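The numbers here are math on the coordinates, done by the rules we state, and not lab data. Here the structure is a predicted model, which means the values were calculated and not measured. Virtual Cβ from ideal backbone geometry, glycine too; neighbours counted across all protein chains shown.
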Amino acid sequence: MKNKEQDKIKKKQGQLQKKKKEQQIISADASLMPEEKIIINLHKWSESFLKTSPDWNNVPSIFKKIATEKVKLPRKFKKLELSVGEAIKQRVSRRDYKGKVTLKEVAQLLFYANGFKEVVDGDQYGLLYRSNAPSAGSRHPIELYVILREVVGIKDGVYHYDVENHQLEIINQDKVSDKTVLALLNNQQPLLGANMILVMTAIYKRTAWKYGSRAYRFIHLDAGHIGQNIYLTSEALGLGVTGVGGWQEVILKKLLRIDGVKELPVYILTIGGRF
């Protein structure tokens, strides 16, 4: 028994030494820019899977709920005439918006993006849910928020999408000003025409609970799956959409009322009319 414990300690020490050596090699490589070293380190820090069984005394909730007023969303959707193949071929990022987006289109976009299907028993991994987008281990860390501006059928404001009940939870119903939108999106003037700014955040603990630090990679994959659903659905609905990778974190956290620690912003898409 004593020998086994000693072997474990030696193995762990060996792994730590190996990581330390790799870190020294990266740090000493003069051909790498500082930004490249950050990327390499992020990749290395997120390569490990959880070494032990998940903590059953600390199981993360599979749904986020906000204690506030709700807005029920329509469930009867417009029939999409565009085939998947045509939507893929026609898909482009569009930043010039005309016309208006309706509440029905908001509802359809959210549901097709990551709409709830069912809760299932994941056996040793507890309750899981299935949605319209794949997720590593069905952990679904991504939450959806929308900043709505002049959407037909609903007041301007900031809302959280309650995926389980297909409804919006009101964070506030104050108009988000042009000045705030420009500051949020790093002064990208054309995006002011968007009626819908969709924000994805990640409650990463849902995935890290099962996968450890490898979760950092998985949450971005999950966001990408949802983003492509939004792109293709927008194309089929005749709406314009573009992904946005640059934003001001402080402004976004304040708008969504998230801490930026347990819940992280990971992706933004702006959506508006095309005609």
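Structure data summary
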{"quantity": "Mean separation of Cα contacts under 8 Å (6+ apart) over length of the range 162-275, as relative contact order %", "calculated": "39 percent"}
{"quantity": "Spin-label pair residue 61/residue 48, simplified geometry with 7 Å Cα→Cβ offset, distance in nm", "calculated": "3.0 nm"}
{"quantity": "As computed over the chain, the Cα convex hull volume per residue (Å³)", "calculated": "168 Å³"}
{"quantity": "Mean separation of Cα contacts under 8 Å, 6 or more apart, over the residue count of the chain: relative contact order %", "calculated": "25 percent"}
{"quantity": "Ellipticity estimate at 222 nm from DSSP helix runs (n ≥ 4, -39,500 (n - 2.57)) divided over the chain, nearest 500", "calculated": "-12000 deg cm²/dmol"}
{"quantity": "At R0 = 51 Å, FRET efficiency that the Cβ-Cβ distance of residue 251 and residue 75 yields, to 0.05", "calculated": "0.95"}
{"quantity": "Efficiency of FRET between residue 150 and residue 205 - r from beta-carbon atoms, R0 35 angstrom, step 0.05", "calculated": "0.45"}
{"quantity": "Max mean-square fluctuation residue, GNM over the chain, Cα-Cα springs under 10 Å, options 42, 168, 182", "calculated": "42"}
{"quantity": "Net charge contributed by nearby residues that have their C-beta within less than 13 Å of residue 98 (K/R +1, D/E -1)", "calculated": "+2"}
{"quantity": "FRET efficiency, 1/(1 + (r/R0)^6) with R0 25 Å, evaluated for residue 178 and residue 82 via beta carbons", "calculated": "0.20"}
{"quantity": "Length gained when the stretch residue 29-residue 170 is fully extended (0.36 nm per residue, less Cα-Cα span)", "calculated": "45.7 nm"}
{"quantity": "Selection from 219, 50, 236 lying farthest towards where the dipole of the chain points positive, charges on Cβ", "calculated": "50"}
